[in-house]
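Data first, discussion second: the structure below is written as structure tokens.
All of the numbers you see were taken from the coordinates with simple rules; none came from a lab. Note that the coordinates shown come from a computational prediction; the quantities given were computed from them, not determined experimentally. So basically every Cβ, Gly included, is an ideal-geometry build from the backbone, and we count neighbours across all protein chains shown.
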Amino acid sequence: MFEYSFVHWAAFLSAAILLNLAPGPDMVFIVGHTVRSGKRAGFVAMGGIWTGAFGHVLFAAAGFSAIVATSALAFSIVKWGGAAYLLWLGITALRSSGSTLNADRTALQAPSLEVFRQGFWVALLNPKVAVFFLAFLPQFVVPGAGPSWAQLFLHGLLIIVVAGLIEPPLILAGGYLTDRLRKNPGIGRWLDQILRSVLIALGLRLALERQ
């Protein structure tokens, strides 16, 4: 069971690394909280994103992702929910007068449970993730290597493991860079506005996605 060739693992891990490096709502959310409240908030946001992604792994293994991929109604419900949530985060969670990097971080920190919950929904309310897992994971199901659902679950879980090797260093680097940028009010206002605008843009892009 779970016997794969070297070529199989090389192809899968290469794809998983590229997937985790690609910019998207999850990465923007993690970076946004790192900039806003520091490394601790970034790690909490990352935990929420991973939990939401794990939900998609379970959906793919159970076949629920196929419903989102084939049902226009299900896809639209998840899509509009995710778009509305991203827009709400862009308008409120990063709302400021452009001085996030220069303000007292203790006054900006949201409760950890709230940050975790937001990260969970950002990941879970993204129908393109469900469709991606449905299209991506079955390519690595090998006849004779075990039940299909178990192979889907294993490979989906490994994508999150790969994220565990890529995202923490980015959070540490982002926290260090933010500490340096806080000394420059002009750069701070500029970066703060970009983060807010990117979240709103991602919400609009998701709203315009077609099945």
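Relative protection proxy for 142-151, 32-41, from highest mean packing down: 32-41, 142-151 (other beta-carbon atoms within 10 angstrom). When peptides 44-56, 161-173, 112-124 are ranked by their average number of other Cβ atoms within 10 Å per residue, the highest-first order is 44-56, 112-124, 161-173.
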